[in-house]
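Enquirer: One structure coming up, written as structure tokens, with questions to follow.
Nothing in this text is a laboratory measurement; each read-out follows from the coordinates by a stated rule. Not measured: the values here are computed from a predicted model.
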Ligand code: HEC
């Protein structure tokens, strides 16, 4: 509990200090992977390639993951629909994740799909 809180606070400080940097280095990719499989793979696919065109293929559109943590967290919090892009799921629906979960899942996405 105290550890988790400390980590969340630290994550906040780091994000603030490095807001111009693209990469989150404070998330836990293992926890992020679990979350991804439960909540995101329906659309994004277990392999990140988009489930039959439902959503972003993170291998093709890896450049999206170079957006800053704050931009990507905006997409997670509020959902996203990019003009001119068509996915069969329609839009990215807003995700109910806390800040720590967002860091975890972003660190998983970057470690899994940006190699
Ligand atoms: C109902 C389907 C669906 C689910 C569930 C879903 N997404 Fe998405 N996601 C999309 C679609 C569609 C897009 C592309 C939206 C666009 O750019 O038009 C997208 C885009 C994204 C992007 C790119 C954002 C950007 O700023 O370019 C990220 C990152 C992402 N999703 C992460 C996640 C994560 C993490 C989860 C689970 C917590 C998740 N998505 C769950 C459909 C989904």
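Enquirer: When the chain is fully extended, how far beyond the present Cα-Cα distance does residue 115 get from residue 86, taking 0.36 nm per residue of separation? Please report the intermediate quantities before stating the final value.
Expert: Numbers: separation 29, 0.36 × 29 = 10.44 nm, distance 2.53 nm.
Using 0.36 nm per residue and subtracting the Cα-Cα distance, I get 7.9 nm.
Enquirer: Please work out how much length the chain gains when fully extended from residue 96 to residue 30, using 0.36 nm per residue of separation minus the C-alpha to C-alpha distance, in nm with one decimal. Working shown, then result.
Expert: Numbers: separation 66, 0.36 × 66 = 23.76 nm, distance 1.90 nm.
Gain on extension, residue 96 to residue 30, equals 21.9 nm.
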